[in-house]
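Student: Below are the structure tokens for one structure; questions will follow.
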Amino acid sequence: MIKKDTLRWQFLTSTISTTMALLLLGALTLFVLTAKEIRNYVHQDLTITTILADSTSETTAQNLVVTLGEKFYVHKIQFISREQALQEQVEVLGINPHEFLGKNPFSISLEMKMKADYVCTDSLAWITEDLMQESAIVDVIYPEDVVETINQNLSTITYILILITVVLLVISISLINNTVHMGIYSQRFVINTMKIIGARWNFIRRPFMLRSLRIGLISAAIATLFLLIAVQWAIGIEASLAQFIPTRNVLIMVACIFAFAMVITLTCTFISVTHFLKMQERDLYR
């Protein structure tokens, strides 16, 4: 009876420890994926304006919208008529240039948003050259300083995230490994007895591997449940977070949790059991 109670207590403590490590890993995975979504959002929100020649008709401009919209680097494109440009200027400045100039000073323009991977100084340079190949386009305008600042800040954040990921991954693996090792350590004499009576190593490993598999599955399920509740709670407080935590990323997080749980628990168990199988009987008392 004492033996069963001891095993149950070890199973419980191992499950709790593994769950905490998986919670840490799952939260980190979701945080990294969310940071990537925010990066893409910031990049795709950058507007590049192409100014068309004064002689360009609206029909030609609309055809150009279709042509440029098919470019592999364009995420979204919008046609801005002369009248719309004038109206926007009036709303911003509160004055109408048409009243004292006697004409609308604005040209037809196209506002484009690029795909996230192409919002960098080098890419925008050759994109500008490519756009200028169109005879109707006379100028391409975008905030170069803003692009450079954004990319520098995002690069810094990326490096920090990578460092944090490595550190927390090492901590998670160490925590699970120590938990598994201590659980098997308490059974080292059982392992030695089975080895003495001639049991094959794979036969000895099997119950420990199955036990670790159960712990990994249960821990992964609990960690996933807690994180899903946390995600729903966060979205409930701030609905705008939903666009940065798509279902795809949540599924990736769940897959990472279960994969990590299976790989690490089984690997650590295999290594720990093998370690005690190789030990001499005199070393078991140390």
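Student: How many residues are touching a strand residue (DSSP E or B) at 6+ places or on another chain (Cβ under 7 Å) and assigned to a loop (DSSP other than H, G, I, E, B) when one looks only at the range 105-128?
Tutor: Counting residues in the range 105-128 that are touching a strand residue (DSSP E or B) at 6+ places or on another chain (Cβ under 7 Å) and assigned to a loop (DSSP other than H, G, I, E, B) gives 3.
Student: Would you mind telling me which numbered condition in (1) in contact with a Cys (Cβ under 7 Å, 6 or more places away or on another chain); (2) free of Cβ contacts under 8 Å to residues at least 24 places away in the same chain; (3) not hydroxyl-bearing (Ser, Thr, Tyr) residue 248 fails?
Tutor: (1)
Student: Just one of the numbered conditions (1) at pLDDT 85 or above; (2) exposed (fewer than 14 other Cβ atoms within 10 Å of the Cβ) is not true of residue 166; which one?
Tutor: (1)
Student: Quick check on my filter: what residues within the range 25-54 are touching a strand residue (DSSP E or B) at 6+ places or on another chain (Cβ under 8 Å) and either among the acidic types (Asp, Glu) or assigned to a helix (DSSP H, G or I) (or both)?
Tutor: 43, 44, 45
Student: Any residue at all in the range 120-136 that is at pLDDT below 80 and over 19 Å from residue 18 (Cβ atoms)?
Tutor: Among the residues of the range 120-136, not one is at pLDDT below 80 and over 19 Å from residue 18 (Cβ atoms), which makes the answer no.
Student: Please specify each residue of the range 270-286 satisfying the condition of being surrounded by 15 or more Cβ atoms within 10 Å (Cβ to Cβ) and at pLDDT 85 or above.
Tutor: 270
Student: Something else about it: Report, by residue number, each residue of the range 65-87 that is at pLDDT below 85 and among the acidic types (Asp, Glu).
Tutor: Listed by number, the list holds a single entry, 83.
Student: For the range 129-142, which positions are touching a helix residue (DSSP H, G or I) at 6+ places or on another chain (Cβ under 9 Å) and not in a strand (DSSP E or B)?
Tutor: Within the range 129-142, 131, 134, 136, 142 qualify.
Student: Out of all the residues in the range 253-280, which are touching a helix residue (DSSP H, G or I) at 6+ places or on another chain (Cβ under 6 Å) and of a type in the set (Val, Ile, Thr)?
Tutor: Listed by number, the residues that qualify are 254, 257, 264, 265, 269, 273.
Student: Check whether at least one residue in the range 176-184 is out of contact with any helix residue (DSSP H, G or I) (no Cβ under 9 Å at 6 or more places or on another chain), farther than 30 Å from residue 72 by Cα and loosely packed, with under 15 Cβ neighbours inside 10 Å, and report yes or no.
Tutor: no
Student: Another one. Identify the residue in the range 229-249 that is at pLDDT 90 or above and surrounded by 15 or more Cβ atoms within 10 Å (Cβ to Cβ) and, among all such residues, is farthest from residue 15 (Cα to Cα).
Tutor: So, considering only residues that are at pLDDT 90 or above and surrounded by 15 or more Cβ atoms within 10 Å (Cβ to Cβ), the one farthest from residue 15 (Cα to Cα) is 249.
Student: Here is a follow-up. Name the one entry in 213, 241, 217, 225 that is in a helix (DSSP H, G or I) and in contact with a helix residue (DSSP H, G or I) (Cβ under 6 Å, 6 or more places away or on another chain).
Tutor: Within the list 213, 241, 217, 225, the selection yields 241.
Student: Something else about it: Please specify each residue of the range 8-27 satisfying the condition of being at pLDDT 80 or above, touching a helix residue (DSSP H, G or I) at 6+ places or on another chain (Cβ under 8 Å) and over 14 Å from residue 226 (Cα atoms).
Tutor: 15, 17
The values are calculated or read from the model by the stated rules, or taken from the named source; none is laboratory data. Predicted model only: the values in this text are computed from it and were never measured. For neighbour counting, all protein chains shown are included, and Cβ atoms are generated from backbone atoms with ideal geometry for every residue, glycine included.
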